[in-house]
Amino acid sequence: DAGVIQSPRHEVTEMGQEVTLRCKPISGHDYLFWYRQTMMRGLELLIYFNNNVPIDDSGMPEDRFSAKMPNASFSTLKIQPSEPRDSAVYFCASSLASPGYTDTQYFGPGTRLTVL
Amino acid sequence: DAKTTQPTSMDCAEGRAANLPCNHSTISGNEYVYWYRQIHSQGPQYIIHGLKNNETNEMASLIITEDRKSSTLILPHATLRDTAVYYCIVRASYGGSQGNLIFGKGTKLSVKP
């Protein structure tokens, strides 16, 4: 299995531009998570989906952030317009929740976003 | 979720056992102890989890005290590649649903030659 795939691995953009981060979860996993990691705030959950439906988006910092999961094998996190304070590493993770078992989240390699 | 307390950093000699402690004094009966680690510039990696019994897998062992208020992650023969930040997380798990992973600051383990 290829694991969770994220693209791009690095993104440098200018303030005000739209940024789209992409994630392909592990095949068969029905939960997908987006996290953000900064030095100041550490690793924090932004949003997660179950069977392509957003379940909890309380971690999304503001309306400039949006996430979609059009099908079981693809998700996007979009920032529009981007700001320098959005600079961070964004991780996608997926898991398979089996009734009666605890889940394990598998993380992708992350996208390092720099907004100038 | 219950809060956890971990030392900020630890050193370990290569080839020796690394014992990483975690306090979770307010843990509830239905909460599990999870350990993840993050090697520099990589995504977090699951290591092991447990409820009340000690657990062992190919990566590590998890020792949970009888009162469940603390635990220790043991890497039996640490290598340089085990240098990472180790996160102890307490969360509830329910069949078929999810509990958020809340990452604290973790313990930075440095394995030295």
### Task
Spot the failing condition for A:Asn51; the list is (1) within 28 Å of B:Lys105 (Cα to Cα); (2) within 12 Å of chain B (Cβ to nearest Cβ), and only one is missed.
(1)
### Task
Go through the stretch B:9-45 and count every residue that is surrounded by fewer than 19 Cβ atoms within 10 Å (Cβ to Cβ), within 14 Å of chain A (Cβ to nearest Cβ) and more than 22 Å from B:Lys112 (Cα to Cα).
2
## Note on the structure
How many residues of the stretch A:58-73 are surrounded by 15 or more Cβ atoms within 10 Å (Cβ to Cβ) and out of contact with any Ser or Thr (no Cβ under 9 Å at 6 or more places or on another chain)? The answer is 2
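Does B:Ile48 qualify as being buried (at least 16 other Cβ atoms within 10 Å of the Cβ), aliphatic (A, V, I, L, M) and not in a strand (DSSP E or B)?
no
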### Query
at the interface with chain B (Cβ under 7 Å from one of its Cβ atoms), within 19 Å of A:Gly3 (Cα to Cα) and either buried (at least 16 other Cβ atoms within 10 Å of the Cβ) or not acidic (Asp, Glu) (or both), is that true of A:Phe91?
yes
#### Entry: Qualifying residue in the stretch A:59-73 (condition: under 13 Å from A:Arg112 (Cα atoms), more than 14 Å from chain B (Cβ to nearest Cβ) and in a strand (DSSP E or B))
no
#### Entry: Identity of the residue in the stretch B:46-65, of a type in the set (A, V, I, L, M, F, W, C) and within 11 Å of another protein chain (Cβ to nearest Cβ), that ends up farthest from A:Gly42 (Cα to Cα)
B:Leu51
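Condition check ((1) touching a residue at least 40 places away in the same chain (Cβ under 8 Å); (2) more than 12 Å from the chain's Cα centre (by Cα); (3) not in a loop (DSSP other than H, G, I, E, B)) across all residues:
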residue: B:Gln42; (1), (2), (3): no, yes, no
residue: B:Glu58; (1), (2), (3): no, yes, no
residue: B:Arg68; (1), (2), (3): yes, yes, no
residue: B:Thr72; (1), (2), (3): yes, no, yes
residue: B:Val90; (1), (2), (3): yes, no, yes
residue: B:Ile102; (1), (2), (3): yes, yes, no
residue: B:Val111; (1), (2), (3): yes, yes, yes
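Could you tell me how many of the residues in the stretch B:1-40 are of a type outside the set (Val, Ile, Thr) and part of a strand (DSSP E or B)? Don't jump to the end; show me each part of the working.
To start, the set of residues in the stretch B:1-40 that are of a type outside the set (Val, Ile, Thr) comprises B:1-3, B:6-7, B:9-25, B:28-32, B:34-38, B:40.
In the following step, the residues that additionally are part of a strand (DSSP E or B) were identified as B:9-13, B:18-23, B:31-32, B:34-38.
Adding up the residues that qualify gives 18.
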### Message
Being more than 11 Å from chain B (Cβ to nearest Cβ), exposed (fewer than 14 other Cβ atoms within 10 Å of the Cβ) and at pLDDT 90 or above is the requirement here; does A:Val19 meet it?
### Response
no
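Taking B:Gly95, is it loosely packed, with under 12 Cβ neighbours inside 10 Å, in a loop (DSSP other than H, G, I, E, B) and either away from every other protein chain (no Cβ under 14 Å) or modelled with pLDDT under 95 (or both)?
Yes: the conditions hold for B:Gly95.
The values are calculated or read from the model by the stated rules, or taken from the named source; none is laboratory data. This structure is a prediction, so every number in the text was calculated from the model and none was measured. Neighbour counts are summed over all protein chains in view; Cβ atoms, including those assigned to glycine, are modelled from backbone coordinates with ideal geometry.
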